[in-house]
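Working notes for the structure below.
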Amino acid sequence: MTFRQFAFRNVVRNRRVYAAFFMASVFSVMVFFLNSMLLFHPTIEASALRDIAMLGMGTADIVLYIFTVFFLFYSMRAFLQARTKEFGILLHLGMEKRQLHKLIFTETLLIGIASIGAGTFLGYMFSKFFFMIVKRIVMFQALPLYLSWKPFALTVGAFLSLFILISLVAPVFIRNVTVYDLLRGESAERETHGYSKFRGILGILLLGISYILAAFTTNSIVIGLLFLLPPLVTLGTYYFFTDSLPLILHLFKVRKEFYWRHFRLLAISEGIVRLKENARMFFIVTIVSTVAFMSVGILASLTSFASQYREVNPLGLVYESYQGNELEKAHVSRLGKELREAGIDYTYVRFSVLQQQSSMTRNNVNIIKLADVNRLSRAFGKQAVDLDEGQALFLSPTASAFTQLDKQTVKTVLKDSGLVVNIKGAYPNQLFPAHAIGTNAIILNDKDFYTLQSMRTEPLFVYHAFEIPDWQETKTIGLGISHSMSESIISSNDNKPKFFFDNPGLNYSVMRTTFTLLLLIGMLLAGVFLLAAGSFIYFRLYTSLESDRKQFDVLRRMGITEKEFKKVVNRQLIPQFFIPWTVALVHSSFAFLSLQVIWDALAEISIVRELIMVLAGFTILQIIYFYLIRWRYLAHIRTPG
């Protein structure tokens, strides 16, 4: 048998140890390849989404590659630890360390080449299905399967260089280990571990402070917390696993009436040892899981914003004209003509926005006419509102401001005209985007409005509103005006353009496509992260598989039943799977509270439903993964060594 045959048979013989590593590597290669296929797709390169796709897919590939480097280094160290006795025997039988290093290099390279081949093959096999999903998201007419050397070259080149690097570095993990230590295997490390009471309390305090800050954050400090909380949570999480949890378990241990009951002695004592041995692994799994939760959660919140975009932008088209705008009539006529040529039904309402100073607050008040508001309201299917002379209504700048303004009654004098106005309550319907007419605006009775106009009060600006039922069909309307606005902003010396044009239908189309595409990328990356997080636990279980088998063999000889056997296994496996996951879930939940504050300030939308769906989906996947690993673990424990 040649040396290469020996290395190949070693890989085949240890396939159960390498299974999770191989599966995670294949999945990473497949996701990288799918991203590359989309990155180089001819349709994407020729579309308006080219820059977005290249940025998103390119960033995803870089993040995935960096994470895979870290994942492979950690995994390889776990594999070598699981096979220490085997290496010790080989060295004891006369193998030189140089040959052992060559063996490890060859085995790692074999697994890497197999992972690259399988991942690339599966990636291309699923490319058509992947393109069908992306096609529905970006609403392309066609996104056909294509064959190009670029995705293959990028994927094979990136991961082959990575596996060669891992293969060269892997022998370093056992270079200075003696044959005696290798033969002792896991027992060389399985000693009593201590903990620091100070660090244990500090870890809980850091996490508690972070949670309190996240839960009670405000608009004024939320941006600062984005930089403060991550290092606090990271350090607190590390101390929590290395010192806080052992401290908590020790408190249970000293309670004899609890500790010496049934199998708690075995579970807690074993848990203390395993917790200290696996503290760093738990920390890594928690951080990786938190990153996965947060990535998908943030991207899901962006799609939530897109789905609620119509609520915060009820009008189909908006054109604001300021004093000195000579293009106003031409632009408005052009918009109407383009809508008619496209066969799009619309209702057009022109608002002259006047401004007066309130004698009560001494603040400027923007004023619009009731008849114009009622006309736009009827276009939305809302009822008209009546006002007597001298009466007015607040126009809520946002939907959330309505409740507060509707309870107020104000009597004031418009100082510039001397008009006495009694403002009682707020207008009940949200017809305009937030702050469109101003932060302090009222709706005035028609006769009073004409009185202000008769005093030659010049409008502050003119607001042209287009209510369009099929508002997503306006993607091609007003493109020339948008271009003119951009040129006006660039060429304006005082940085105050004479007009503003907004097309929510076009904005929604771009945002929906961009955010959904990013969500798809984020979900693929999160899948890799979660699979890797579960693999870390899988690696650690198989590192201690031999000692676990011996331990349970002793318990069976002592008369433990099958039901009790499963109960003991559950008490050992559940904490390893669900403590890191639970901590990551709590981290993410409090982070989402801060994220909700940001969205409230930006657009007043709720992201609760999307985040619950994200966390519930990850919970289901984690439970399925747990039962899968538990099934394989029980099968190996029952198998004689």
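The values are calculated or read from the model by the stated rules, or taken from the named source; none is laboratory data. No experiment lies behind these values; they were computed from the predicted model shown. So basically every Cβ, Gly included, is an ideal-geometry build from the backbone, and we count neighbours across all protein chains shown.
Of the conditions (1) in contact (Cβ under 8 Å) with a residue 12 or more places away in the chain; (2) assigned by TED's automatic domain parsing to the domain that holds SER482; (3) of a type in the set (Ser, Thr, Tyr); (4) part of a helix (DSSP H, G or I), SER321 satisfies every one except a single condition; which number is it?
(4)
Mind checking which residues of the range 439-476 are modelled with pLDDT of 85 or more, part of a helix (DSSP H, G or I) and under 30 Å from ARG310 (Cα atoms)?
ASP446, THR474
Out of all the residues in the range 411-427, which are more than 13 Å from ASP448 (Cβ to Cβ) and free of Cβ contacts under 8 Å to residues at least 40 places away in the same chain?
Within the range 411-427, LYS424, GLY425, ALA426 qualify.
Being buried (at least 16 other Cβ atoms within 10 Å of the Cβ), over 26 Å from the mean Cα position of the chain (by Cα) and hydroxyl-bearing (Ser, Thr, Tyr): is that true of THR155 here?
Here the answer is no, as THR155 does not meet what is asked.
Among the numbered conditions (1) closer than 30 Å to GLN551 by Cα; (2) modelled with pLDDT under 80; (3) among the charged types (D, E, K, R); (4) surrounded by 15 or more Cβ atoms within 10 Å (Cβ to Cβ), tell me where ASP600 comes up short.
Looking at each condition in turn, ASP600 falls short on (1).
Within the group LEU405, LEU393, LEU431, which residue is in the same structural domain as LEU354 (by TED's automatic domain parsing), in a helix (DSSP H, G or I) and not hydroxyl-bearing (Ser, Thr, Tyr)?
LEU405
Listed here are the residues, each with its yes/no results for (1) basic (Lys, Arg); (2) exposed (fewer than 15 other Cβ atoms within 10 Å of the Cβ); (3) more than 25 Å from TYR322 (Cβ to Cβ).
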{"position": "GLN357", "(1), (2), (3)": "no, no, no"}
{"position": "ARG375", "(1), (2), (3)": "yes, no, no"}
{"position": "ALA392", "(1), (2), (3)": "no, no, no"}
{"position": "LEU395", "(1), (2), (3)": "no, no, no"}
{"position": "PHE402", "(1), (2), (3)": "no, no, yes"}
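Here are some conditions: (1) within 29 Å of ASN507 (Cα to Cα); (2) of a type in the set (D, E, K, R); (3) more than 43 Å from the chain's Cα centre (by Cα); (4) part of a loop (DSSP other than H, G, I, E, B). LYS329 meets all but one. Which one does it not meet?
(4)
Please determine whether any residue of the range 380-387 is in the same structural domain as SER359 (by TED's automatic domain parsing), surrounded by 15 or more Cβ atoms within 10 Å (Cβ to Cβ) and among the acidic types (Asp, Glu).
no
Residue under question is ALA19, and the condition is that it be farther than 30 Å from TYR146 by Cβ, in contact with a Phe, Trp or Tyr (Cβ under 9 Å, 6 or more places away or on another chain) and at pLDDT below 80; does it hold?
Spelling it out, ALA19 is indeed farther than 30 Å from TYR146 by Cβ, in contact with a Phe, Trp or Tyr (Cβ under 9 Å, 6 or more places away or on another chain) and at pLDDT below 80.
Evaluate the range 136-145: report whether one residue or more is in a helix (DSSP H, G or I), touching a residue at least 60 places away in the same chain (Cβ under 8 Å) and farther than 14 Å from ILE44 by Cα.
So far as the range 136-145 goes, no, none of its residues is in a helix (DSSP H, G or I), touching a residue at least 60 places away in the same chain (Cβ under 8 Å) and farther than 14 Å from ILE44 by Cα.
Within the range 359-388, track down each residue that is touching a helix residue (DSSP H, G or I) at 6+ places or on another chain (Cβ under 6 Å) and part of a loop (DSSP other than H, G, I, E, B).
ALA384, LEU387
When you look at ARG630, is it buried (at least 16 other Cβ atoms within 10 Å of the Cβ), modelled with pLDDT of 80 or more and more than 22 Å from the chain's Cα centre (by Cα), yes or no?
yes
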